[in-house]
Amino acid sequence: MKFSIGTKLFLSFLCVLSFALGVGIYFLVVTEKALQEAVGQTSLFLAEDLIERIDKDIFDKIEQIQLYVQDTPLQEELQSSNQAFEELSDSLDYIQKQDEVWRAFPEQEVSPFMEELITGKISDSLRNEFLVFWEQKYGFPAYGEVFVTNRYGVNIAQTGKTSDYYQADEAWWQKAMENGFFVDNIEYDESAQIWTMPIGVRIDGEQGEFLGVIKAIPLAQELFAQAELTGKRYETTRIWLLTAEGNLIYSTGSFQMFRDLSQEDFFQRSRKGQGFFVSTEGESEKLFAYVQSGGFRDFSGLGWTLLIGHDTSEVFAPIRNLQRTFILVGIVLFLLAATFAVVFSRMISLPLKKLTMAAELISKGNLDVSIEVMSQDEIGKLAEAFGNMTKELRELYASLEQKVQARTEELKSQVIELDKTAKLLVRRDLELSEIREREQSKLKELDVNSRRLVRRDFELMQANEKLREMDHIKSEFVSIAAHQLRTPLTGIKWTLYSLLEEDVGKLNAEQKKFATDSYRSTNRLIELVNDLLDVARLEEGRAGFVMRQQALDPIIAKTVKRFKKAAKEKGISFSLELPSSGLPLISCDDEKIGIVLENVLDNAVKYTPPGGKIKMSVKEEKNHLTIKVQDTGIGVPSEQVSRVFSKFFRGENARLYQTSGTGLGLYLAQNIVEYHGGTISFASKENEGSTITLSLPIPEQKKTSD
Ligand code: ADP
C-alpha cells in the first residue's frame, strides 16, 4: 500500500491515541471487575452472617425447648401418664380407638377430652412459656401452638386443638425420638393460617429414660424479622431465603410465601457452596451473593439458600459514570487529536510535498526552482539545504555545460581528424586489399609454378636416379676394363723398358725415340687406369679405408720430398711451413691422405711454369688441421673454377698447357677428404696462380705427436 507521509503521520497519531484509549478502556474493565469482586465479597460476608444468625435462632429455639422439658411438673406428668398406659392391657387398641374418636370430632369443635388436655396444668405452663411470654416480650407471637406426647405418642398436654390424638405414627415424632430433636421444613398451617416451622424435641427423664416428645410450632416470620434490618446495603438490596427445593420462604419487601423459584437462573447458579455472580431477576440485572445454610452446632440446617442481590445499575453506578465520562472525554480528545493530527501532518507533509515537487522538477532538468518553506524546524533547514543544493547544482551545471561545450568542440575537431584518418585508412585498406588480391593471384601462380617445379623435381629425381644407375654401370664397366687393361699394360711397359735398356739388342736413334714415346704413353695409360680404379673403388665403397690415430708428419715428409725434387728439376722454388709445436694426432688413413697430397702437389708442379713458386703450409687452427698449397701457375679461368672437383674435368688452359691428365685427381681428393669429415676448397685466378686448401678435423685433446 502506498500512503503519503501526511496519511502516515495521521495514522501514527491515531495509533497512539487508540492505544491510550485502549489502555483506558482496559483499566475501566479491570476496575469494574474489582468493584464487582469487592461488593460480591462484602455481600457474601453479609449473607454468611445472616444465614448463621438464622440457623442460630433455630438452634436457640431447640435449646429453649430442651431446657423447658426438664421442668419437674412436666416430667412427673409424663411419668404418671406413661405408667397409666403401661398398666393398660391393650394400650395400642385404646390409643387407636381414642384417636379415631378424636379425628371424627368436628373440626371447629372441642370434645371434653380435648378440653381437658387444653386446660390442664401442663398446658397452661406451655401457653405461658411459649405463647404469652414471647408476645409480651417482643410484642408479636413467636409460636403458633405447642403440645406434648407421652412415650406412647399420645397427647398429654396442648395449647390448642391438634388434628390427631396419636402422634407416634408421624415421621417428625419418630425422628425426634431417635435423634433427640427434629426440625421440619416450613409449612402452611391451614387451621391457624400461618407459616410454621415445627420443632419436635425428645423428652428424657432424669435417668435418661424416654418419657415422650414435645412439638412446638414457631411462626416462620419471626425467624427472619431481624434480617431485613441488617441486610440493607444499597437502595436496591434484596435478600431471599429459599428452601432446598427452591421455594421462597423469606424476602425483603413484599413477597409471596413459598413461591416456586426453582427454575430461576439465580437459584440454579446458587445451589451449592457460596459465591457471587451477575444474573437477571425480573427486569433488572443484579449482582448476587449466595450461601448455603450450614446449621449451628448439633443442628445441621435445612439446606436453605440465602441470596443477597443488588441492582448492578446501582452497584456499578460510579464506574458507569466514569465510563460515560471517559467515553465523552475520549470522543472529545479523539476529535481534538484527529484535528491536531491533520494540522500537524499538514505542517510536516506540505513542505515535504513542496520539496518532492521541486526534486521532481530538478530531476526533469529544471534547475530554476525556488522553495518557500517558512518553518524553522528540521524541514525548514532541509528546504534551505535543498535550496543551497539547487543553487550549487545550477552553478555546477553551468560550468559543466561550458566544459561540455569545450569538450564537444575538441571532440568535433578530433572527429574531423578521425574522419580523415578513417578515409585514409579506408583508402589504404582498399589498396591493401588490391595488393592482397594481386599477391593472392601471384601466390596462385607460384603455387602452380611450385607444383610444376615439384613435378620437374620429381622428373629430375627420376633422371638422377637413372643417371646414378648409368654411372654405376659405367663405374663397373670402367673398373672391369681398367682391371683387365692394367696387367697387359704393365707387361707392355716392362717390354718397352727392356727394349730401351737394349736387353734384346741395340736400337738406333729412331727406334729409341719410338720406344721412348711408347714407354711414356704406356705410363700415362697405367696412370689413368690406376686413377680410374681408385675412383671406381671409392664410388663402390671398396676403397678400404684404414683409420688410425696418427700425426701426418711422415706422409707429408715423404710426399713433399718427392715433389720438392720434381719442382727443383722444373726450376720451381718450393717452400714448406710446419707448426713448430708439431702436428696433432688425427684419425685418418695415411695412405689415402698421401693420395690427396700427391694429387694436389702434382697439380701445383704440373701447372706452374719454370721460375714459379710453390708454397705449402700446414697449420693447426681451432679444431682443424689446415693444409694450404699455393702456386704461381697458370690458374683456372674464373668461369670454370666451380667445376674443378667434377669427375673428368680439365681446364681449357690446362689441356693446352699440359696434355697429360685425367681430370680425376681433385675428384678423388675431395671424396677422400670428405670421407675424413673434412673440407676441400679451390681458389684461382687465371695466369696468376691457384690456392687449394684442405681442412681435416682434430679430435679433442689429441693434438701432439712425438
Ligand atoms: P689433371 O689430371 O688434369 O691434373 P685434376 O683432377 O688433378 O686433373 O685437375 C683438374 C684440373 O684442374 C686440371 O686439368 C687443371 O685445369 C686444374 N688444375 C688443378 N690444379 C691446378 C693448378 N695448381 N694450377 C692450375 N690449374 C690446376
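Residues satisfying the criterion are absent from region 300-313 (criterion: surrounded by 15 or more Cβ atoms within 10 Å (Cβ to Cβ) and within 60 Å of the chain's Cα centre (by Cα)).
Quick check on my filter: what residues within region 391-406 are of a type in the set (Lys, Arg) and exposed (fewer than 11 other Cβ atoms within 10 Å of the Cβ)? If you could, list the steps in order and put the result at the bottom.
The first filter runs over region 391-406 and keeps only residues of a type in the set (Lys, Arg), leaving 391, 394, 403.
Listed by number, the list holds a single entry, Lys403.
Filter region 503-543 down to the residues that are outside any helix (DSSP H, G or I) and among the acidic types (Asp, Glu) and list them by number. Lay out the reasoning, then the answer.
If we filter region 503-543 for residues that are outside any helix (DSSP H, G or I), which is where we start, we get 503-508, 541-543.
If the condition is that a residue be outside any helix (DSSP H, G or I) and among the acidic types (Asp, Glu), then Asp503 is the only one that fits.
Within the bounds of region 662-681, is there any residue that is in contact with a His (Cβ under 8 Å, 6 or more places away or on another chain) and more than 9 Å from the ligand (Cβ to nearest atom)?
Quick first cut of region 662-681, residues in contact with a His (Cβ under 8 Å, 6 or more places away or on another chain) only: 678.
Of the ones still in play, those that are also more than 9 Å from the ligand (Cβ to nearest atom) are 678.
Yes, the conditions are met somewhere in region 662-681.
Here Thr659 meets the list (1) in a loop (DSSP other than H, G, I, E, B); (2) hydroxyl-bearing (Ser, Thr, Tyr); (3) near the ligand (Cβ under 9 Å from one of its atoms); (4) within 30 Å of Arg468 (Cα to Cα) almost entirely, failing just condition (3). The number of residues in region 637-656 that are more than 8 Å from the ligand (Cβ to nearest atom), outside any loop (DSSP other than H, G, I, E, B) and not β-branched (Val, Ile, Thr) comes to 5. Take the residues of region 544-579 that are in a helix (DSSP H, G or I) and of a type in the set (Asp, Glu): which is farthest from Val629 (Cα to Cα)? Among residues in region 544-579 that are in a helix (DSSP H, G or I) and of a type in the set (Asp, Glu), the one farthest from Val629 (Cα to Cα) is Glu569.
Can you confirm whether Leu668 is in contact with a helix residue (DSSP H, G or I) (Cβ under 7 Å, 6 or more places away or on another chain) and either at pLDDT 95 or above or buried (at least 17 other Cβ atoms within 10 Å of the Cβ) (or both)?
Taking the combined requirement at face value, the residue satisfies it.
Filter region 607-636 down to the residues that are part of a loop (DSSP other than H, G, I, E, B) and within 9 Å of the ligand (Cβ to nearest atom), then identify the one that is surrounded by the most Cβ atoms within 10 Å (Cβ to Cβ). Result: Gly633. Within the option set Trp172, Trp102, being out of contact with any helix residue (DSSP H, G or I) (no Cβ under 8 Å at 6 or more places or on another chain) and modelled with pLDDT of 90 or more holds for one residue only, Trp172.
Scanning region 577-606 for residues that are within 16 Å of the ligand (Cβ to nearest atom) and among the small types (Gly, Ala, Ser), we see that the one that is surrounded by the fewest Cβ atoms within 10 Å (Cβ to Cβ) is Gly594.
Could you count how many residues in region 561-576 are out of contact with any Phe, Trp or Tyr (no Cβ under 8 Å at 6 or more places or on another chain) and either buried (at least 18 other Cβ atoms within 10 Å of the Cβ) or over 24 Å from Asn623 (Cα atoms) (or both)?
Of the residues in region 561-576, the ones out of contact with any Phe, Trp or Tyr (no Cβ under 8 Å at 6 or more places or on another chain) are 561-562, 565-566, 569-573, 575-576.
Those left that are additionally either buried (at least 18 other Cβ atoms within 10 Å of the Cβ) or over 24 Å from Asn623 (Cα atoms) (or both): 561-562, 565-566, 569-573, 575.
Qualifying residue count for the region: 10.
Which members of region 350-396 meet the condition of being under 46 Å from the mean Cα position of the chain (by Cα) and assigned to a loop (DSSP other than H, G, I, E, B)? Lys364, Gly365, Asp377 - these are the residues of region 350-396 that are under 46 Å from the mean Cα position of the chain (by Cα) and assigned to a loop (DSSP other than H, G, I, E, B). When we screen Leu307, Leu302, Leu287 for residues that are touching a His at 6+ places or on another chain (Cβ under 8 Å) and among the hydrophobic types (A, V, I, L, M, F, W, C), the only hit is Leu287. Kindly evaluate Gly689 against the criterion of being more than 20 Å from Arg562 (Cβ to Cβ), within 15 Å of the ligand (Cβ to nearest atom) and touching a residue at least 60 places away in the same chain (Cβ under 8 Å). Spelling it out, Gly689 is indeed more than 20 Å from Arg562 (Cβ to Cβ), within 15 Å of the ligand (Cβ to nearest atom) and touching a residue at least 60 places away in the same chain (Cβ under 8 Å).
Could you tell me whether any residue of region 74-84 is out of contact with any helix residue (DSSP H, G or I) (no Cβ under 8 Å at 6 or more places or on another chain), assigned to a helix (DSSP H, G or I), charged (D, E, K, R) and not assigned by TED's automatic domain parsing to the domain that holds Ala157?
Within region 74-84, the first condition is being out of contact with any helix residue (DSSP H, G or I) (no Cβ under 8 Å at 6 or more places or on another chain), and the residues that meet it are 75-76, 78-84.
This time we only want the ones that are assigned to a helix (DSSP H, G or I), so: 75-76, 78-84.
Cutting the leftovers down to charged (D, E, K, R) gives us 76.
If we keep only those that are not assigned by TED's automatic domain parsing to the domain that holds Ala157 too, we end up with none.
The answer is no, given that none of the residues of region 74-84 is out of contact with any helix residue (DSSP H, G or I) (no Cβ under 8 Å at 6 or more places or on another chain), assigned to a helix (DSSP H, G or I), charged (D, E, K, R) and not assigned by TED's automatic domain parsing to the domain that holds Ala157.
Out of the residues in region 124-154 that are hydroxyl-bearing (Ser, Thr, Tyr) and modelled with pLDDT under 90, which is farthest from Gln64 (Cα to Cα)? It would help to see each step written out before you state the result.
Filtering region 124-154 down to residues hydroxyl-bearing (Ser, Thr, Tyr) leaves 125, 138, 143, 149, 152.
Filter once more, keeping what is modelled with pLDDT under 90: 138, 143.
Details: Tyr138: 16, Tyr143: 12 Å.
Filtering region 124-154 for residues that are hydroxyl-bearing (Ser, Thr, Tyr) and modelled with pLDDT under 90, the one farthest from Gln64 (Cα to Cα) comes out as Tyr138.
The values are calculated or read from the model by the stated rules, or taken from the named source; none is laboratory data. The structure presented is a predicted model; accordingly, all values stated were derived computationally and were not measured. Cβ sites come from the backbone with ideal geometry, for glycine too, and all protein chains shown count toward neighbours.
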